[in-house]
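Enquirer: There's a structure below that I have some questions on.
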Amino acid sequence: MSFVNGIGSDLGAVVAGLSLPFSSGAVEGQVNRIKMLKRQMFGRAGLDLLRKRVLLAP
(Lines give C-alpha, C1' and ligand atoms only; values in the text may rest on other atoms or scores of the structure.)
Protein backbone atom coordinates (compact mmCIF):
# COMPACT_ATOMS: atom_id res chain seq x y z
CA MET A 1 0.00 0.00 0.00
CA SER A 2 1.44 3.34 -0.99
CA PHE A 3 1.35 6.52 1.05
CA VAL A 4 -1.22 8.10 -1.26
CA ASN A 5 -3.49 5.06 -1.07
CA GLY A 6 -3.23 5.13 2.74
CA ILE A 7 -4.24 8.79 2.85
CA GLY A 8 -7.08 8.09 0.43
CA SER A 9 -8.44 5.29 2.60
CA ASP A 10 -8.37 7.57 5.68
CA LEU A 11 -9.57 10.69 3.88
CA GLY A 12 -12.10 11.60 6.57
CA ALA A 13 -9.47 11.51 9.31
CA VAL A 14 -7.01 13.51 7.20
CA VAL A 15 -9.59 16.22 6.45
CA ALA A 16 -10.63 16.40 10.11
CA GLY A 17 -6.99 16.60 11.24
CA LEU A 18 -6.24 19.47 8.91
CA SER A 19 -9.44 21.45 9.34
CA LEU A 20 -10.47 21.14 13.01
CA PRO A 21 -8.95 23.38 15.71
CA PHE A 22 -8.40 20.49 18.14
CA SER A 23 -4.90 19.25 18.92
CA SER A 24 -3.49 16.33 20.87
CA GLY A 25 -0.20 18.18 21.40
CA ALA A 26 -0.59 18.52 25.17
CA VAL A 27 -1.26 14.81 25.58
CA GLU A 28 1.64 13.88 23.30
CA GLY A 29 3.93 16.14 25.33
CA GLN A 30 3.00 14.34 28.56
CA VAL A 31 3.54 10.93 26.95
CA ASN A 32 6.94 12.07 25.63
CA ARG A 33 7.95 13.35 29.07
CA ILE A 34 6.98 10.09 30.78
CA LYS A 35 8.85 8.04 28.17
CA MET A 36 11.95 10.20 28.69
CA LEU A 37 11.78 9.68 32.46
CA LYS A 38 11.31 5.96 31.93
CA ARG A 39 14.40 5.79 29.68
CA GLN A 40 16.45 7.71 32.25
CA MET A 41 15.37 5.36 35.03
CA PHE A 42 15.90 2.11 33.11
CA GLY A 43 17.84 -0.36 35.24
CA ARG A 44 18.24 2.02 38.18
CA ALA A 45 15.23 1.58 40.42
CA GLY A 46 11.78 0.13 40.69
CA LEU A 47 8.34 1.50 40.04
CA ASP A 48 8.25 3.43 43.32
CA LEU A 49 11.01 5.83 42.28
CA LEU A 50 9.62 6.12 38.75
CA ARG A 51 6.19 6.97 40.17
CA LYS A 52 7.73 9.70 42.36
CA ARG A 53 9.63 11.19 39.41
CA VAL A 54 6.54 11.19 37.18
CA LEU A 55 4.31 12.79 39.81
CA LEU A 56 6.85 15.35 41.04
CA ALA A 57 8.42 16.35 37.71
CA PRO A 58 7.47 19.82 36.43
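The values are calculated or read from the model by the stated rules, or taken from the named source; none is laboratory data. All figures in this text were calculated on a predicted structure; none of them were measured in a lab. Cβ placement follows ideal geometry from the backbone for every residue including glycine, while neighbour counts extend to all protein chains displayed. Ligands, DNA and RNA are excluded from the accessible area calculation, which covers all protein heavy atoms including side chains. Shrake-Rupley method; radii C 1.70, N 1.55, O 1.52, S 1.80 Å.
Enquirer: Name the residues of segment 13-51 whose amide N is less than 17 Å from a point 7 angstrom out from the Cα of Ile7 along the C-beta direction?
Expert: It comes to 13-20, nothing else.
Enquirer: Name the residue farthest towards the positive end of the dipole of the chain from the options Gly8, Asn32, Leu55, assuming +1 on Cβ of Lys and Arg, -1 on Cβ of Asp and Glu, about the Cα centre.
Expert: Leu55
Enquirer: Can you tell me the FRET efficiency between Ala26 and Leu49 if r is taken as the Cβ-Cβ distance and R0 is 30 Å, rounded to the nearest 0.05?
Expert: Plugging the Cβ-Cβ distance into 1/(1 + (r/R0)^6) gives 0.70.
Enquirer: Now a separate question. On average, how much accessible surface per residue is there in the chain, in Å², for a 1.4 Å probe, leaving out ligands, DNA and RNA?
Expert: 89
Enquirer: If you don't mind, there's one more thing I want to ask. Would you mind telling me the share, in percent, of accessible area of the chain contributed by carbon and sulfur at probe 1.4 angstrom?
Expert: With neighbouring chains kept in place, the figure for the chain is 65 percent.
Enquirer: Let me have the 222 nm mean residue ellipticity of the chain computed from DSSP H runs of 4+ only, each contributing -39500 (n - 2.57), with the sum over all residues rounded to the nearest 500.
Expert: Value at 222 nm, helices only, nearest 500: -22500 deg cm²/dmol.
Enquirer: When the convex hull of the C-alpha atoms of the chain is computed, what volume per residue in Å³ does it have?
Expert: Considering the Cα atoms of the chain, their hull volume per residue is 132 Å³.
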